[in-house]
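S.K.: Below is the structure I would like to discuss, written out as structure tokens.
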Amino acid sequence: MEADIVRKPKQPLKPQVGPTAPIPQPQHAIDTVADTWDSLRLLPVAPAVLERNLVITAGRRNPAHGAFDVLRTKLVQAMAERGWRRLGITSPTKGCGKSFVAVNLAVTLSRYDSYRTVLLDMDLRLSSLAHKLGIPNPGLMADFLTGQVAANDFFYRVGPNPLRIGPSLAIGLNGRPEPFAAELFYDSKTAEALKRMEAMLAPQMVLFDLPPALAQDDVLSLKPHLDCILMVAGGGITTTRDLQAASRRLGDDLPLLGVVLNKAEGNVIMDYTY
């Protein structure tokens with residue numbers, strides 16, 4: 001993947017205090033968070049599977065992993081400055097590599113000690129993260145979002161592994177297409193489930209692997225749950241018209257944190273803008 005600066009935000013992004021702003025926690029709450037993380041199911045790490053599925057930040061043998069390390073640090077700094085936690089990762093259309101960016105970013109974030117990250121597969125009509133990670137029968141995101149399954153029974157955390165993928169990464173996967181994704185996201189139960197998850201896991205960053213912005217109305221239904229967006233454009237796929245249409249669809253009220261141009265998955269030279 002090669003990435004160039006595609007578009008700069010129209011206005012400087014300003015700090016924002018909202019429902020996802022960090023809240024100081026007393027010691028007993030910190031202890032409870034640690035206990036919750038310890039109770040999560042362990043996600044087995046299969047290096048060969050990750051390499052085959054282009055999770056290049058896992059093995060770090062592809063020199064392009066360094067681009068994700070830089071992106072990680074830039075995002076952490078930019079979001080902390082603005083008091084943001086929830087980052088949606090989308091693309092104008094399918095096939096641009098947004099899930100590739102999401103999972104690789106999550107893995108490299110996990111190597112920050114004591115920095116808790118949650119990765120959510122919210123592309124419910126065409127989920128792919130379970131396949132990329134080699135997890136069969138991961139459960140249903142809809143069951144978590146509707147409150148049928150608690151966070152500590154739904155999420156995985158990364159288990160011991162030779163790749164030094166950190167244990168402070170929790171992952172919520174989806175094992176079956178959800179034809180009513182937009183309606184599910186719009187339901188107040190989704191907002192409640194996300195707030196409960198954040199209270200239990202206290203993540204510094206939540207990555208939402210979103211559907212393509214121009215497909216259906218799923219991303220529109222998810223907008224109220226996000227602080228900002230990272231747009232992934234596919235080289236040879238995404239046109240300027242696609243980017244403009246995606247920008248109009250998302251509107252000016254959801255900040256665009258950056259744009260990444262993905263030219264060839266697994267061959268990454270990235271640049272971005274904030």
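S.K.: Could you look through the stretch 257-271, keep only residues that are touching a strand residue (DSSP E or B) at 6+ places or on another chain (Cβ under 8 Å) and either of a type in the set (Gly, Ala, Ser) or modelled with pLDDT of 95 or more (or both), and pick out the one that is nearest to THR90 (Cα to Cα)?
M.R.: Result: GLY258.
S.K.: Can you pull out the residues in the stretch 134-189 that are touching a strand residue (DSSP E or B) at 6+ places or on another chain (Cβ under 7 Å) and closer than 14 Å to PRO44 by Cβ? It would help to see each step written out before you state the result.
M.R.: Restricting attention to the stretch 134-189, the residues satisfying the condition of being touching a strand residue (DSSP E or B) at 6+ places or on another chain (Cβ under 7 Å) are 135, 141, 144, 154-159, 165-174.
Answer for the stretch 134-189, where residues must be touching a strand residue (DSSP E or B) at 6+ places or on another chain (Cβ under 7 Å) and closer than 14 Å to PRO44 by Cβ: ILE135, TYR156, ARG157, VAL158, GLY159, ILE165, PRO167, LEU169, ILE171, LEU173.
S.K.: Just the residues that are of a type in the set (A, V, I, L, M, F, W, C) and in a helix (DSSP H, G or I), please, taken from the stretch 229-265.
M.R.: LEU243, ALA245, ALA246, LEU250
S.K.: Looking only at residues that are at pLDDT 95 or above and small (Gly, Ala, Ser) in the stretch 79-97, which one is nearest to LEU243 (Cα to Cα)?
M.R.: SER91
S.K.: Could you tell me which residue of the stretch 159-178 is nearest to ASN104 (Cα to Cα), considering only residues that are in contact with a Ser or Thr (Cβ under 8 Å, 6 or more places away or on another chain) and outside any loop (DSSP other than H, G, I, E, B)?
M.R.: Looking at the filtered set, the residue picked out is LEU169.
S.K.: Could you please give the count of residues in the stretch 204-225 that are on the phi < 0 side of the Ramachandran plot, surrounded by fewer than 22 Cβ atoms within 10 Å (Cβ to Cβ) and not acidic (Asp, Glu)? Let's see the steps before the verdict.
M.R.: Step one: of the stretch 204-225, the residues on the phi < 0 side of the Ramachandran plot are 204-215, 217-225.
Those still in the list that are surrounded by fewer than 22 Cβ atoms within 10 Å (Cβ to Cβ) too: 204, 214-215, 217, 220-221, 223-225.
Going one step further and asking which of them are not acidic (Asp, Glu), we end up with 204, 214-215, 220-221, 223-225.
So the answer is 8.
S.K.: Is there a residue being surrounded by fewer than 17 Cβ atoms within 10 Å (Cβ to Cβ), within 15 Å of GLY175 (Cβ to Cβ), within 16 Å of the chain's Cα centre (by Cα) and in contact (Cβ under 8 Å) with a residue 60 or more places away in the chain anywhere in the stretch 114-129? Give the steps one after another, and end with the answer.
M.R.: Taking the stretch 114-129 as the starting set, the residues that turn out to be surrounded by fewer than 17 Cβ atoms within 10 Å (Cβ to Cβ) are 114-115, 126.
Still in the running and within 15 Å of GLY175 (Cβ to Cβ): 126.
Filter again for within 16 Å of the chain's Cα centre (by Cα), leaving 126.
Of the ones still in play, those that are also in contact (Cβ under 8 Å) with a residue 60 or more places away in the chain are 126.
Scanning the stretch 114-129, I find at least one residue that is surrounded by fewer than 17 Cβ atoms within 10 Å (Cβ to Cβ), within 15 Å of GLY175 (Cβ to Cβ), within 16 Å of the chain's Cα centre (by Cα) and in contact (Cβ under 8 Å) with a residue 60 or more places away in the chain, so the answer is yes.
S.K.: Evaluate the stretch 191-211: report whether one residue or more is outside any helix (DSSP H, G or I), more than 26 Å from LEU109 (Cα to Cα) and among the small types (Gly, Ala, Ser). Don't jump to the end; show me each part of the working.
M.R.: The first filter runs over the stretch 191-211 and keeps only residues outside any helix (DSSP H, G or I), leaving 202-211.
Adding the requirement that they be more than 26 Å from LEU109 (Cα to Cα) leaves none.
Within the stretch 191-211, none of the residues are outside any helix (DSSP H, G or I), more than 26 Å from LEU109 (Cα to Cα) and among the small types (Gly, Ala, Ser).
The values are calculated or read from the model by the stated rules, or taken from the named source; none is laboratory data. Keep in mind that this is a model prediction, so the values were computed, not measured. Here Cβ is always computed from backbone atoms with ideal geometry, including for glycine, and neighbour counts include all displayed protein chains.
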